[in-house]
Amino acid sequence: MKVVIIMGSERDLEHCQKIGCFLERFGIGYVFRIASAHKTPEKVLLIIREYEEEAIFITVAGRSNALSGFVDANTKRPVIAAPPYNEADIFSSLRMPSGVAPLVVIDPEGAALAAIKILALLDKALEEKLKAFQKEKKGEIEKADLEVKIL
């Protein structure tokens, strides 16, 4: 399984690269694609069909985020909407029509982590990597607590 990261335009590439870097840390394959639900809906459908049997989708689109709902309505796979944060536009990712349910995670690392957790449901080796990551994060908090406590 891999992750297909569909961005609405090339302006979203930097945000997507952050997602990709975190996926790489866990050895998860991914591919970037650019397609717009508004401007190139047929292309979005082609991308979904191309990867339907081997991937989950992360969608990255700001402004009126039709991309996430459009992808979700046309796939049986999980869709994670990871729009670049913009206070004025975030509601288009949160307010989806009935029948579609993309998971919304704004932080790029969080979006990648959500994909990793979904993939780990069927991959024991990935589950172990996830557990090690969680243990590492807990250790960081414990270390910080000890350092602050000493002050």
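The values are calculated or read from the model by the stated rules, or taken from the named source; none is laboratory data. Bear in mind that the values here come from a model prediction, so they are computed numbers and not experimental data. When we count neighbours, we look across all protein chains shown, and the Cβ atoms used for this are built from the backbone with ideal geometry, even at glycine.
Looking at segment 88-151, the helices (runs of 4 or more DSSP H) lying wholly inside it that each contain 1 or more residues that are more than 29 Å from residue 74 (Cα to Cα), touching a Leu at 6+ places or on another chain (Cβ under 9 Å) and at pLDDT 90 or above sit at 124-150. Residues in segment 123-135: is at least one more than 14 Å from the chain's Cα centre (by Cα), more than 24 Å from residue 29 (Cβ to Cβ) and not aromatic (Phe, Trp, Tyr)? Yes: one or more hits. Selection of helices (runs of 4 or more DSSP H) fully inside segment 1-77 by the criterion of at least 2 residues being at pLDDT 95 or above and touching a Ser or Thr at 6+ places or on another chain (Cβ under 9 Å) returns 41-51, 66-73. Checking the stated criteria, residue 108 turns out to be under 30 Å from residue 86 (Cβ atoms), crowded, with 17+ Cβ neighbours inside 10 Å and touching a Cys at 6+ places or on another chain (Cβ under 9 Å). Looking at 52, 24, 14, 42, just one residue is acidic (Asp, Glu), surrounded by 14 or more Cβ atoms within 10 Å (Cβ to Cβ) and out of contact with any helix residue (DSSP H, G or I) (no Cβ under 7 Å at 6 or more places or on another chain), and that residue is 52.
Which of the residues that make up segment 58-107 are of a type in the set (S, T, N, Q) and under 19 Å from residue 3 (Cβ atoms)? Listed by number, the residues that qualify are 59, 65, 68, 74, 75, 93.
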